[in-house]
Number of protein chains: 2
Amino acid sequence: MNEFELISELTRSLPSNESVLVGAGDDCAVLKPVDPHQLVLFKTDAIVEGVHFDHDDPPEKIGRKALARCLSDVAAMGGAPTCALVTIGLPKQFDADQVKRIYAGLSDLARQYGVAVAGGETTASPDRIFLSISLLGKVDREHCVLRSGAKPGDAIFVTGELGGSRGGKHLDFEPRLEEGQWLAGHFNIHAMIDLSDGLAGDLRHLMHAGSVGAELRAGSIPISREAKLQAAGESSAKPPLLAALTDGEDFELLFTVASRDAVPLLDAWKARFPKLRLSCIGKVTATPGLKLRDENGLRELPTHGYVHFA
Amino acid sequence: MNEFELISELTRSLPSNESVLVGAGDDCAVLKPVDPHQLVLFKTDAIVEGVHFDHDDPPEKIGRKALARCLSDVAAMGGAPTCALVTIGLPKQFDADQVKRIYAGLSDLARQYGVAVAGGETTASPDRIFLSISLLGKVDREHCVLRSGAKPGDAIFVTGELGGSRGGKHLDFEPRLEEGQWLAGHFNIHAMIDLSDGLAGDLRHLMHAGSVGAELRAGSIPISREAKLQAAGESSAKPPLLAALTDGEDFELLFTVASRDAVPLLDAWKARFPKLRLSCIGKVTATPGLKLRDENGLRELPTHGYVHFA
C-alpha cells in the first residue's frame, strides 16, 4: 500500500459535522464560521513515538490520546471542540494496519464528542511515528475561561485523582469537556487549566498568569490509586503525594473560584457529576510562590527539580 | 536553556493581528470569528529534518518553508491566511540559536502576509527536528475555489516556472497569495490547486476531483532555468520536461477556466503581474487520463512511476 492508497482508505469514513463544508481532499478544509457571539479556540499538539507513547501500545489508544490531549485544552477554556486535522509522520516501511487502527481510535473519540476530522496530511518520518493534531473549538464570549484571572482568596479546585498516569491513564483519560462547559456556564470560574505537566507545574502556570501565589493542603490533594500502588510496589517510585504533584498527564481540570462560591459549587457538582471527584485543595494567595501545608506546617515547594523533592 | 525558557523567549515577539484575542500562553489561542459572509479555511502540514530540509540549511529558511507551504494551500483556495500555530519537535540537546532562527524566519514570513502566530508547542523529538504548522484563513463565500469544478474544454493555466525546486526554490518560494486572491476575485476559476507533488501528480488530483481528463502541450509547459541547468550539468538528472512534470515542491498555482476566459485572463494577468509568467499549458478533456502532446503526437502519461518516464 503506498501513501496515496493509504490516505484514500483513511479518509473514506472520517467523522464529520455540520461545520464542515469541504473535508479531506482539497488544499484546505472549508468550514462554516462560528456564530458572531462566539469565540474561536485554536490548539495544536503533537505526540511522538518513544516519548508520549510506545511502539507496542494499542494503536487505537495512540490515536485516541493524540486527539484527547487537545480536547482537554478546549475543555480548560470552557469550550466545545468542532473540527480537527491530523498530520501523521510515518517511516517508509509503515504498518498500514497500525495506521488504520490509530485513525480508528482517533475517529471514535472524535465521534464521541461530535468533532469532525476534516483531513490532514501524511508525511515521511524516518525513525518514529508522530501525530500532530490541529483542533478548532468554540466558546460563548461570556464563558471563555483563561489561565489568568485567579484572585487572592480564591478556592482552588481539581477534578479527579492525580498521579501515576503513566500506568495507563495517559492512554485512556477522558477529556473533561462536559465538566469544563458546565463549570464555565454555571459559575464564575476565575481561571482554569488542564493538568498536563503535573499539579505543581500547572498551578505555577496559573499563578504566573494571574501574578498570585497559592497554598495547598497536602491532605486534600486527591491521589490516584495507581500512584499509591506504584509507590507501594517499587522502592524507586515516588511517594504518592509527590506523584500527584509532579507526574503529569493527568488531564484533569484545575480551576479557581471566589471562596463564597466554593460550597455551592461543590454541592451542585455532586448533583451533576456524582461519579467524578471534585476536591478543594487550597487557596490563592497575594504573596507569590507555591506553599504546601501538611502536619508539619507550611513549607515552600521549590520552583524546579520536582523530581528531587520528597 | 530549558524548554520553558526557550518557549518564553520564542513567544515574546510573535507577530499578531486583530483576529487574536489571546495568543501564546493559554490552553488554546482565542480568536475573533470571521465575518458571517466568509468561510474558514483550515490547513495543517509538517516538515521533517532529512526529508523536507537538511540539518545544515539556513534555519530562517526552514521556518519560512514550514509556513510558506501552508500559505500556498490557502492561496490555492483564493483565500487570505489569518493565524498560525507552530509545533516544533526538538531533540533533548537542541541548539537554541537554531530554534530561534527557525522562529525568526517563520515570523518574518508571517509578518509579510499579516499572519498572526498565536502560539504552539514544543515537544521532544529524539532524532530529528520537525515543524508542524496549523493555519487558519478566510475567503469570501463566492470566491472560494476548490479542486473540483474543472470542466471539459477548460483552459489549464500554471503560474511561474516548474522543476528543479530542490536546487533552492523549495526553501525560498513565494506563496502565490496575492495571485490566488486576484484570480478568485476577478475570474470564474473553475478549479485550483497548488503544485506540491509536481505538475503531473497535482493535475491528476484536479482531474480526479472533477472526474475529467487533461491534455497538455509539451512545448507550453514552463520549465525553470534550474531544471535546465540540472539536466545539462548532471548525466543522472531528469530531462527538463520530466523535471517540470514530476519534481514537486514548485508551489505554483495550477487552475482551469472556461476557454472563453483564457485570453482576457492572460491580458489582465500581464497588466497586474507583469513579472510573473502565466502559461496556458493545455485543456481539460471529458475522457479521463492525462495526455501529453509533443512533436511526435499525443501520448498517455503513465499513472505511476513518473521517475521512469522520459
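The values are calculated or read from the model by the stated rules, or taken from the named source; none is laboratory data. All values reported here derive from a predicted model rather than from experimental measurement. For neighbour counting, all protein chains shown are included, and Cβ atoms are generated from backbone atoms with ideal geometry for every residue, glycine included. Surface accessibility is based on the protein's heavy atoms, side chains included, excluding ligands, DNA and RNA. Shrake-Rupley method; radii C 1.70, N 1.55, O 1.52, S 1.80 Å.
Observations, loosely collected:
- Test result for B:Lys283, of a type in the set (Lys, Arg), open to solvent by 30 Å² or more (accessible area, probe 1.4 Å) and in a loop (DSSP other than H, G, I, E, B): no
- Hits in segment A:118-127 (condition: within 7 Å of chain B (Cβ to nearest Cβ) and not polar (S, T, N, Q)): A:Ala118, A:Gly120, A:Glu121, A:Ala124, A:Pro126, A:Asp127
- Looking only at residues in segment A:158-202 that are of a type in the set (Phe, Trp, Tyr) and out of contact with any Leu (no Cβ under 6 Å at 6 or more places or on another chain), the one that is farthest from A:Thr256 (Cα to Cα) is A:Phe173.
- Residue list for segment B:148-160, restricted to those being within 14 Å of chain A (Cβ to nearest Cβ) and either open to solvent by 40 Å² or more (accessible area, probe 1.4 Å) or assigned to a strand (DSSP E or B) (or both): B:Ser148
- Residue check, A:Gly185 of a type in the set (Gly, Ala, Ser) and free of Cβ contacts under 8 Å to residues at least 60 places away in the same chain: no
- Of all residues in segment A:132-147, those satisfying the criterion of being open to solvent by less than 40 Å² (accessible area, probe 1.4 Å) and more than 16 Å from the chain's Cα centre (by Cα) are A:Val139, A:Cys144.
- Selection status of A:Thr87, facing chain B (nearest Cβ under 9 Å) and among the β-branched types (Val, Ile, Thr): yes
- Test: residue in segment B:22-37 that is of a type in the set (Lys, Arg) and more than 20 Å from A:Leu206 (Cα to Cα): yes
- Residue match in segment B:33-53 (condition: free of Cβ contacts under 8 Å to residues at least 24 places away in the same chain and away from every other protein chain (no Cβ under 11 Å)): no
- In segment B:114-127, the residues that are open to solvent by 40 Å² or more (accessible area, probe 1.4 Å) form Cβ pairs under 6 Å with partners that are among the charged types (D, E, K, R), at six or more places apart or across chains, as follows: B:Glu121/A:Asp45; B:Asp127/A:Asp127.
- Test: residue in segment A:60-67 that is small (Gly, Ala, Ser) and more than 14 Å from the chain's Cα centre (by Cα): yes
- For segment A:161-266, the helices (runs of 4 or more DSSP H) that sit wholly inside it and include 3 or more residues that are touching a strand residue (DSSP E or B) at 6+ places or on another chain (Cβ under 6 Å) and aliphatic (A, V, I, L, M) are A:199-210.
- Of the numbered criteria (1) touching a residue at least 24 places away in the same chain (Cβ under 8 Å); (2) touching a helix residue (DSSP H, G or I) at 6+ places or on another chain (Cβ under 8 Å); (3) not basic (Lys, Arg), the one A:Asp202 fails is (2).
- Of the strands (runs of 3 or more DSSP E) lying entirely inside segment B:1-53, those containing at least 3 residues that are open to solvent by 20 Å² or more (accessible area, probe 1.4 Å) and within 18 Å of B:Ala110 (Cβ to Cβ) span B:20-22.
- Residue check for B:Ala75: of a type outside the set (Phe, Trp, Tyr), more than 19 Å from B:Leu14 (Cβ to Cβ), buried (at least 23 other Cβ atoms within 10 Å of the Cβ) and modelled with pLDDT of 95 or more: yes
- Subset of segment A:100-124 [at pLDDT below 95 and within 24 Å of B:Pro126 (Cα to Cα)]: A:Gly120, A:Glu121, A:Thr122, A:Thr123, A:Ala124
- Taken over segment A:226-253, residues that are surrounded by 24 or more Cβ atoms within 10 Å (Cβ to Cβ) and closer than 30 Å to A:Lys151 by Cβ amount to 8.
- Scoring B:Lys275 on the criteria (1) exposed (fewer than 12 other Cβ atoms within 10 Å of the Cβ); (2) within 22 Å of the chain's Cα centre (by Cα); (3) modelled with pLDDT under 95; (4) charged (D, E, K, R) leaves a single failure, condition (3).
- Evaluation of B:Val115 against (1) within 19 Å of A:Phe42 (Cα to Cα); (2) within 11 Å of chain A (Cβ to nearest Cβ) (one fails), failing number: (2)
- Where a residue in segment B:92-103 is under 12 Å from B:Met1 (Cβ atoms) and its partner, wherever it lies, is open to solvent by 20 Å² or more (accessible area, probe 1.4 Å), with Cβ under 6 Å and at least six apart: B:Ala96/B:Met1
- Condition met for B:Asp267 (at pLDDT 95 or above and surrounded by fewer than 17 Cβ atoms within 10 Å (Cβ to Cβ)): yes
- Residue within segment A:101-112 that is of a type in the set (D, E, K, R), touching a Leu at 6+ places or on another chain (Cβ under 9 Å) and open to solvent by 50 Å² or more (accessible area, probe 1.4 Å) present: no
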